[in-house]
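Visitor: Before anything else, here's the structure in question.
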Amino acid sequence: MPYNAKHIIPPKPVKLNCQNCSTKNISLFNELSNEELEILNKNQYCLQYKRGGEICKKGAYPTSLICLSKGKVKITRSSNNGTQQIVGLRKPGDFLGFRALMGEKSYVASVIALEEASVCFIDKKDFFKVIEMNKDLSYKIMRYLAQQLLENDSRLVNLTTKHVRARLADTLLMINEFFGAYPDNGYLTIKLKREELAAMANMTTSNAIRLLSSFKEENILEVHLRDIKIKDLKKLQKISDFNK
């Protein structure tokens, strides 16, 4: 059973059908046959998590392929001094703890729900059986992992070479690209605490607060509590590009 059971709603697993999954068409499973989906569905179950629920725990060993079907999550790691860093974000259709599963290693990071999330667990034996049956899926998985490595390398370079102002601009641009904004009011579709923004941009919370105020004064952002709207995307991109 996944960790932090107190954050799971409802407490009993819910059985869903992989063939009717709303995120199937935007995941690596979009071209699987009904037979292959039936294999994945055989021992699958789904749980719902509250915000703050721990879906994967650092150091644990994966027993399932974990699919995010609803909600948004963050991937976190702690430094030696206990500071938390957010090293990734995931949205519906993404897999969680995927590299640990494929490498048969323990999780090197924890996955935490940023909002109420629905998560499906597929038995890893069933998943590996489908991989053996489907060479195209194997190729898609290699491309998926390669793309993640490229994105992580690029983000690491930016976090270690850019000044704090550019790093926060990068973070806001990434959130906007990854999750998007509401079409009716332009606010980002995710609400993050100041310390979460700081953890993503590799800076102190006080710096994140100061820079958000600065961007607001420059009419680049509109900020209301945890709601953020990017008013001038070009200016924000210019700040991000300054260190390139």
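The values are calculated or read from the model by the stated rules, or taken from the named source; none is laboratory data. What you see is a predicted model; the values in this text were computed from it and never measured. Every residue, glycine among them, receives a Cβ derived from its backbone with ideal geometry; neighbour counts consider all protein chains shown.
Visitor: Kindly indicate whether any position in the range 113-121 is out of contact with any Cys (no Cβ under 8 Å at 6 or more places or on another chain), in the same structural domain as GLU38 (by TED's automatic domain parsing), within 20 Å of LYS24 (Cβ to Cβ) and of a type in the set (Ser, Thr, Tyr).
Guide: No: zero hits.
Visitor: Go through the range 146-197 residue by residue and tally those that are out of contact with any helix residue (DSSP H, G or I) (no Cβ under 9 Å at 6 or more places or on another chain), buried (at least 16 other Cβ atoms within 10 Å of the Cβ) and among the aliphatic types (A, V, I, L, M).
Guide: Counting residues in the range 146-197 that are out of contact with any helix residue (DSSP H, G or I) (no Cβ under 9 Å at 6 or more places or on another chain), buried (at least 16 other Cβ atoms within 10 Å of the Cβ) and among the aliphatic types (A, V, I, L, M) gives 1.
Visitor: Quick check on this structure: which one of ASP136, ASP126 is in the same structural domain as ILE75 (by TED's automatic domain parsing) and at pLDDT 95 or above?
Guide: Unique residue meeting the criteria: ASP126.
Visitor: Tally time: how many residues in the range 186-219 are in contact with a strand residue (DSSP E or B) (Cβ under 7 Å, 6 or more places away or on another chain) and over 21 Å from THR83 (Cβ atoms)?
Guide: 7
Visitor: Moving to a separate point now. If you scan the range 167-194, which residues turn out to be farther than 20 Å from GLY93 by Cα and assigned to a helix (DSSP H, G or I)?
Guide: Once the filter is applied, which keeps residues that are farther than 20 Å from GLY93 by Cα and assigned to a helix (DSSP H, G or I), the range 167-194 yields ARG167, LEU168, ALA169, ASP170, THR171, LEU172, LEU173, ARG194.
Visitor: Please verify whether VAL130 is β-branched (Val, Ile, Thr), in contact (Cβ under 8 Å) with a residue 12 or more places away in the chain, assigned to a loop (DSSP other than H, G, I, E, B) and surrounded by 13 or more Cβ atoms within 10 Å (Cβ to Cβ), treating the condition exactly as stated.
Guide: For VAL130, the condition - β-branched (Val, Ile, Thr), in contact (Cβ under 8 Å) with a residue 12 or more places away in the chain, assigned to a loop (DSSP other than H, G, I, E, B) and surrounded by 13 or more Cβ atoms within 10 Å (Cβ to Cβ) - is not met.
Visitor: Output the residue which, of all residues in the range 19-54 that are in a helix (DSSP H, G or I) and under 20 Å from the mean Cα position of the chain (by Cα), is surrounded by the fewest Cβ atoms within 10 Å (Cβ to Cβ).
Guide: Filtering first and then ranking leaves ASN25.
Visitor: In this structure, does ALA199 turn out to be closer than 23 Å to LYS91 by Cβ and either in the same structural domain as SER79 (by TED's automatic domain parsing) or free of Cβ contacts under 8 Å to residues at least 12 places away in the same chain (or both)?
Guide: When the stated conditions are applied, ALA199 does not pass them.
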